[in-house]
Amino acid sequence: MLDLMLGHGAETFSCGEVGFWYRPVQREHLRLQCSCQASPCDVWNQFLTSPEQQLHRRVSQSLSVRHVIDSTKRLSWVLDGNRWAALNGLLAHNVVIWKSPQLYAYSWWKRGKPIAAALDRYVRYYSRLAETGLPCKSLSYEALVEEPESLIRALCEHLGMDYFRGKEHFWKQSAHLAFGNSGTRETLDSFQPAIRTQDVFPTAFEECYFQNLTADHLQRLRAVMTWLKQQDVHATSDRMPQSASPPLRYPLWYYRQIWQSRLRKWTGRLR
Ligand SMILES: [Zn+2]
């Protein structure tokens, strides 16, 4: 949703999670699906053979847009995206949107998935992001739902992106979102105002949540929440740093992610 809000306007283009095309994690990633539902999509067709390190630059040049939004969450892709931007003379800004641990766990619980695993994944993801040392701004999902206009306006200010009235009304513009979550894609299809209000948690979920919340989770969550709030878009008024230095040594999980994707690509093509 945030990528579409930022991608709304003539000078921006939202790629969705295009990184999964280059580095598939699931079998579905072996064929690019676009939210426009054209098969193949004419917009993406012109970029799919671009080398990954040149993708953002080529999108920007070919579509004549100043800002290219990439919402691929895979952190190895994020690290490389920052490195490629520096090599291509582009400026990378990192923005992270986060749900409260409870809301995140609830989205898992509704799908019958274990809450303990959701909490593990939550702390692992944000801890790793903090560990990269990349400069970023954070944005609370719940706050964005409550007050989209002021948050998008503030974020645009940080990013040096023009804000216009109604930029957050992303459903008013057609999009070419690679992959992306089904909720946002359904929203695009329905043409309904899409900013959903928060769910009210059922008692059964709350009981399950607190049963699964361990002391270790609590300690790690506290560290993650502190870090996220320090990066909050409202916490500082400064603009984003002008360049990000990639880490000198990449963490082990970076190489694990790269090899997992290579294996997936290789085995997928053998089928
Ligand atoms: Zn398309």
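Things worth noting here:
- Near the amide H of Leu177, within less than 5 Å, lie the amide hydrogens of Ser35, Cys36, all on another chain or at least 5 residues away, with H placed in the peptide plane.
- Extended-chain gain in nm, criterion 0.36 nm per residue less alpha-carbon gap, Ser62 and Ala10: 17.4 nm
- Straight-distance candidates among the lysines for linking to Lys265, with alpha-carbon spacing under 25 Å and chain neighbours fewer than 8 residues away dropped: Lys73.
- Karplus-derived 3J(HN,Hα), 6.51/-1.76/1.60, for each residue of the range 136-152, Hz, glycine and proline x: 8, 10, 10, 9, 7, 4, 5, 5, 5, 5, 6, 9, x, 5, 5, 6, 5
- Given Lys110/Lys137; Lys110/Lys229; Lys99/Lys167; Lys137/Lys172, the pairs whose alpha carbons are separated by over 24 Å: Lys110/Lys137; Lys110/Lys229; Lys137/Lys172
- Counting only Cβ charges, +1 for Lys and Arg and -1 for Asp and Glu, the dipole size of the chain around its Cα centre is about 1160 debye.
- Cut-off under 5 Å, modelled amide H: who pairs with Thr72 long-range: Val18, Gly19
- DSSP-defined antiparallel bridges as percent of all bridges, the chain, nearest 5: 10 percent
- Using Cβ point charges alone (K and R +1, D and E -1), the dipole size of the range 2-138 about the Cα centre works out to roughly 440 debye.
- 3J(HN,Hα) along the range 162-178, derived from phi through the Karplus expression 6.51 cos²θ - 1.76 cosθ + 1.60 where θ = phi - 60°, amounts to 5, 9, 10, 4, x, 4, 6, 7, 5, 6, 7, 10, 6, 10, 10, 8, 6 Hz, with x in place of Gly and Pro.
- Placing unit charges on each Cβ (+1 for Lys and Arg, -1 for Asp and Glu) gives the range 106-186 a dipole about its Cα centre, and among Ala116, Met161, Leu151 the Cα reaching farthest toward its positive end belongs to Ala116.
- One chain, two ends: Thr267 and Arg27. Fully extended at 0.36 nm per residue, the span grows by 85.4 nm beyond their Cα-Cα distance.
- Rounded to 0.05, the FRET efficiency of the Glu207 and Glu142 pair, given R0 = 25 Å and the Cβ-Cβ distance, is 0.70.
- Label zone at Gln219 (point 7 Å along Cα-to-Cβ), backbone N below 20 Å, the range 121-151: 121-131
- P(r) tail for the range 1-117: Cα pairs beyond 16 Å make up 67% of the total.
- Loop-resident sites, the range 62-155, for GluC sites (Glu not before Pro), counting at most 13 other Cβ within 10 Å (DSSP): none
- Rounded to whole numbers, the Karplus 3J(HN,Hα) couplings from phi for the range 203-217 are 4, 4, 5, 4, 4, 5, 4, 6, 5, 8, 7, 8, 4, 5, 4 Hz, using 6.51 cos²θ - 1.76 cosθ + 1.60 with θ = phi - 60°, and x at Gly and Pro.
- For the pair Glu149 and Arg111 in one chain, pulling the backbone fully straight at 0.36 nm per residue adds 10.6 nm over the alpha carbon distance.
- Gln260-Arg124 pseudo-label distance in nm [points 7 Å out on the Cα-to-Cβ vector]: 0.7 nm
- The range 107-179: chymotrypsin sites (Phe, Trp or Tyr not before Pro) falling in loop per DSSP and having at most 11 other Cβ within 10 Å: Phe164
- For the range 91-170, the fraction of alpha-carbon pairs in successive 10 Å shells from zero, as %: 16, 38, 32, 14, 0
- Each of Gln230 and Asn88 was given a label point 7 Å from its Cα along the Cα-to-Cβ line. The distance between the two points is 3.1 nm.
- Taking max minus min of the alpha-carbon positions on each principal axis, the chain gives extents of 51, 48, 41 Å, largest first.
Readers should treat all values here as calculations from the given coordinates under stated rules, not as data from a laboratory. Nothing here was measured: the structure is a model prediction, and the numbers come from that model. For neighbour counting, all protein chains shown are included, and Cβ atoms are generated from backbone atoms with ideal geometry for every residue, glycine included.
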